[in-house]
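The structure appears below as structure tokens.
The values are calculated or read from the model by the stated rules, or taken from the named source; none is laboratory data. It should be emphasised that the depicted structure is a prediction, and the values quoted were computed from it without experimental measurement. Note: ideal-geometry Cβ built from the backbone for every residue, glycine included; neighbour counts use all protein chains shown.
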Amino acid sequence: MTGKRDYYETLGVSRSAVENDIKASYRKLAMKYHPDKNPGNKEAEEKFKEASEAYEVLRDPQKRAIYDQYGHQGLEGSGFTGHSGFEDIFSSFGDIFEDFFGFNTGRRTSSRGRSQKGADLRTDIRLSFMQAAFGVETTLDVEKQDICPKCKGSACEPGTQPEACKHCGGSGQMSRTQGFFTVRTTCPHCRGNGQSIPHPCSNCRGAGKVRISKKVSVKIPAGVDNGSRLRLTNEGEAGIYGGPPGDLYVFIHVEPHEFFQRNNTDVICQIPISFVQATLGDKIIIPTLTGERELEIPKGAQPGDVLRFDGEGIPSLKDGLRGHQLIHLDIRTPTNLNKKQEELLREFAKIEEGKFSNMFKKIFKGGTARAAK
């Protein structure tokens, strides 16, 4: 593959070009140098093949990464040898040409039997805080299109067969000459299938599919959060022409908890305590995700202090390890004191008298002295 032009230069795009830019540039070159538009023009043929080879590499993330790092020789070492001829190009890009130009290249005679994956579906599920934290197995009711049980997806009444479409002769395409080349469009009567159904299935009316309601079991893993998404393979719409079913995507919404909040795998709670408990320390029982646990409040606790229970948080989706429980202390000032309580506090205030005012005097005195210097 040595001696080849740089693929980015061939398509006229920068090395940072995104997929849409690469596709648009290839479309322009393919339209200009298409062999049906340039009959007998060898130079146009070569440019067409050159552009197609460049597009084949740059549209594929894996091939593009190899080319960016090792160039043409790297691709050759990975087994890519380019296209051997027009048939190879058209077999690779038949669908792309149809998307680009609205017509088929003419090298493909029929789209009949071309399998297509079924459509993906979405459903939303609401979980409690605890269900999201520790997982749950539940059942979803899913409405979807599934293979008709009577005709098994053939769309024909059992015992009958489809016939070749009389409008396109079974090719799935209609042809007309336009300028230098032949334009082929999808047959509007059979929609490119190349077949007609003279005796449609009475159950699905010739659709090959019927709408069903299915119960789907899903296991929600521990640690999911708001916005988490699960994919259930093959639980979407049925495919066509033997294609596989689509997938079902489950979007998760988690209800808030009255006591706990969440930050990644940590849970946060706020515990109200009295100023006496904060001053003298105490041992109290508080809730955790798995039950109750004793919390020791240290002497001299201050507003905003945060205590921690290791391993009492939410399991990680990656490794299953649990985060922490972070306990914020909310020190409450007493109200509606009785006479005895007020007397005790006034006695305490006399003992503490001048302690904080003297501290402020020292601060401001020191500041004044420093300013004077």
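Here is how the numbers come out for the structure above:
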| read-out | value |
| --- | --- |
| Contacts under 9 angstrom Cβ, first residue in the range 338-352 being free of Cβ contacts under 8 Å to residues at least 24 places away in the same chain and outside the structural domain of residue 276 (by TED's automatic domain parsing), partner part of a loop (DSSP other than H, G, I, E, B) and surrounded by fewer than 10 Cβ atoms within 10 Å (Cβ to Cβ), 6 or more apart | none |
| Any chance residue 311 is among the small types (Gly, Ala, Ser) and in contact with a Leu (Cβ under 9 Å, 6 or more places away or on another chain) | yes |
| Selected residue (criterion: surrounded by the fewest Cβ atoms within 10 Å (Cβ to Cβ)) from residues of the range 207-230 that are under 28 Å from residue 289 (Cβ atoms) and of a type in the set (S, T, N, Q) | 217 |
| Among (1) part of a loop (DSSP other than H, G, I, E, B); (2) closer than 30 Å to residue 264 by Cβ - the single one residue 218 does not satisfy | (1) |
| Per-region count, the range 224-262, residues outside any loop (DSSP other than H, G, I, E, B) and either under 13 Å from residue 122 (Cβ atoms) or in contact (Cβ under 8 Å) with a residue 24 or more places away in the chain (or both) | 13 |
| Qualifying residue in the range 340-356 (condition: farther than 26 Å from residue 296 by Cβ, modelled with pLDDT of 90 or more and loosely packed, with under 11 Cβ neighbours inside 10 Å) | yes |
| Residues being part of a loop (DSSP other than H, G, I, E, B) and either free of Cβ contacts under 8 Å to residues at least 24 places away in the same chain or over 23 Å from residue 74 (Cα atoms) (or both) - total across the range 14-55 | 11 |
| Filter result (part of a helix (DSSP H, G or I) and more than 25 Å from the chain's Cα centre (by Cα)) within the range 128-170 | none |
| Hey, residue 50 under 25 Å from residue 184 (Cα atoms), under 29 Å from the mean Cα position of the chain (by Cα) and not aromatic (Phe, Trp, Tyr) or not | no |
| The range 231-289, residues that are closer than 30 Å to residue 331 by Cβ, of a type in the set (Lys, Arg) and exposed (fewer than 13 other Cβ atoms within 10 Å of the Cβ) | 283 |
| Number of the exception - residue 217 against (1) under 16 Å from residue 135 (Cα atoms); (2) touching a Lys or Arg at 6+ places or on another chain (Cβ under 7 Å); (3) of a type outside the set (A, V, I, L, M, F, W, C) | (2) |
